[in-house]
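The structure appears below as C-alpha cells.
The values are calculated or read from the model by the stated rules, or taken from the named source; none is laboratory data. If you're wondering where the values come from, they're calculated on a predicted model, not measured in any experiment. Please note: Cβ atoms are built from the backbone with ideal geometry, for glycine as well, and neighbour counts cover all protein chains shown. Ligands, DNA and RNA are stripped out before the accessible areas are found, and what is left, the full protein with its side chains, is counted by its heavy atoms. Shrake-Rupley method; radii C 1.70, N 1.55, O 1.52, S 1.80 Å.
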Amino acid sequence: MDAVNIENLGKEYGSLKALSKVSMTIDEGAFFALLGPNGAGKSTLINILAGLTRATSGKAAVLGYDVRRQWRKSRYKLGVVPQELAYDPFFTVREMLTLQSGYFGLGAENRPWLDELIAALGLEDKVDSTMNHLSGGMKRRVLIAQALVHRPPVVILDEPTAGVDVALRRQLWEFIRALNREGHTIILTTHYLEEAESMCEQIAILDRGRVVALAPKDELLSRYSWRHLRLQLTPESAVVLPSTLEQKKEAAPQGELLLRLHREQDHIGEVLAALDQAGVKFSDLRIHEPGLTEVYTELTEADNHV
Ligand code: ADP
C-alpha cells in the first residue's frame, strides 16, 4: 500500500497553475522530502492532501483513501504540522491537545497517548501554560503534538525547523527520526537542503507547479555530472593553464585555482598531470562533491534562464 498516491493532480487559481499534472507515490515508511522554491506549489499540495483545498483535476489518496471522496478516513490517516504558528492564545497546551483529540472523536481514553506525546516533546512543564505564554520553539512543539493526537501513520511537516534555533532543531529532528523508525511515513518540506540531504531517502522537487525531480536521494545526486577541484597555489606556481584546463576554470579568490570537472569524463589523474606539466604548484587540494544544493539549484534555475 502506498502511503500517498497522487495522480495527475492539477490546481488552478484563476489563470495561475499552482500545480500541473503532479504525479508521485510515497512508500509507506518513507522519509520523503518535498522541496521547491517559494511558490512552487508545496503548500497547495499539502492542503489538497489534508482536504483543505480541492484539486482542479486529478486525484490523491492517503493510504488508499481518496482525499475527496473518503475525506474522513484519509484525514484520519494524516497528521499535518503547519508552517504557521496558528493557535488560540488563551488555550493551555493540554486544552489544545484535548480539543484536537475531540475533533478525531477521541475522548478520555486518549489521555495516556497525549501524556506520552507531552513527555516526548518535552512539554511537561508547560501543560498548564496558555499558548501566549510559550516561546516560539515551545509553540512549535505543541503544534507537532497536536498533529499527532490521533496517531496518524502519515505525518506531513511543513518547514518544521523554520526559524528554530540549533538546539531545538536537533531535538525536533531526533523526534521526527524516532517517529519514522516506529513506522510513520514522514513527508517534509524544508528550505534547509542540508537537512533534507541528511534525513530523507526520497526526494521530490517542485518548481512552478511541476515535478522537476522525483527519485531516491542517491540516484538524484549521482545524476549531477560535475564536481569541483580547488587548489591552493604556491607563490612560485604558474598561472597560465593549457587551453583544455582554462575552459574548466571558475572564479576563485586570489591564490586559488578552481576547476569544474566532469565526474566521468575528466580523470583527476590526468588533470593533475596536465597541471604539473604546466608548472602549476599547489600546497593544498580539495575535491568538492556535489550535494543536494547543487542538484536543486540546477533543476530549479535551469528553466529560469530561458
Ligand atoms: P509553496 O508552498 O511552494 O511556496 P504555494 O502552494 O503556497 O507554494 O503556492 C503556489 C502558487 O499558488 C503561488 O503562485 C501562490 O501565489 C498561488 N496560490 C496559493 N494559494 C492561493 C490562493 N488561495 N489564491 C490564489 N493563489 C494562490
Full-stretch length increase - Glu116, Ser283 - with 0.36 nm per residue and alpha-carbon distance subtracted
54.5 nm
In whole angstrom, and with the biggest value first, how far do the Cα coordinates of the chain range along each principal axis?
78, 45, 33
Pairs of lysines 8 or more apart, or on different chains, with alpha carbons under 30 Å: count those in the range 1-142, would you?
23
Work out the FRET efficiency for Thr25 and Gln83 from their Cβ-Cβ distance, taking R0 = 22 Å, and round it to the nearest 0.05.
0.40
For the range 195-242, restrict the atom set to alpha-carbon positions and state the Rg and Dmax in Å.
18.3, 53
Starting from the residue with the highest accessible area, list Arg54, Arg263, Arg223 in decreasing order, probe 1.4 Å.
Arg54, Arg223, Arg263
Once fully extended, how much extra length lies between Glu201 and Glu95, figured as 0.36 nm per residue of separation less the alpha-carbon to alpha-carbon distance?
34.6 nm
Running a GNM on the chain with Cα contacts under 10 Å, which residue among Asp207, Asp125, Asp218 ends up with the highest mean-square fluctuation?
Asp125
Distribution of pairwise C-alpha distances over the range 118-255, 5 Å bins, in %:
2, 7, 14, 15, 12, 10, 9, 8, 7, 6, 5, 3, 2, 1, 0
Could you pull out the chymotrypsin sites (Phe, Trp or Tyr not before Pro) across the range 10-55 that fall in loop regions by DSSP (anything but H, G, I, E, B) with no more than 12 other Cβ atoms inside 10 Å?
none
Leaving out ligands and nucleic acids, note down the accessible area per residue over the chain with a 1.4 angstrom probe, in whole Å².
52
May I have the pair-distance distribution P(r) for the range 69-178, computed from all Cα-Cα distances with 10 Å bins from 0 and rounded to whole percent?
14, 49, 32, 5, 0
Per DSSP helix of 4 or more residues, -39500 (n - 2.57); summed, then divided by the residues of the chain. What does that give at 222 nm, rounded to the nearest 500?
-9500 deg cm²/dmol
What whole-number volume per residue, in cubic angstrom, does the convex hull of the C-alpha atoms of the range 225-289 give?
78
q = 0.27, 0.31, 0.34 Å⁻¹: log10 I(q)/I(0) that the Debye formula gives for the range 69-112, counting C-alpha atoms only:
-1.11, -1.14, -1.16
The base-10 log of I(q)/I(0) that the Debye equation returns for the range 192-306 at q = 0.13, 0.15, 0.16, 0.23 Å⁻¹, one scatterer per C-alpha, is -0.62, -0.76, -0.82, -1.22
P(r) for the range 175-223: what percent of alpha-carbon pairs falls in each 10 Å bin, starting at zero?
22, 53, 23, 2
Compute the helix-to-body angle for 268-277: its Cα long axis versus the longest principal axis of the chain, expressed 0 to 90° and rounded to tens.
30
Looking only at the chain, where both bridge partners belong to it, what percent of the DSSP beta bridges are antiparallel (to the nearest 5)?
70
Taking the Cα-to-Cβ direction at Glu246 and at His133 and moving 7 Å from each Cα, how far apart do the two end points lie in nm?
7.2
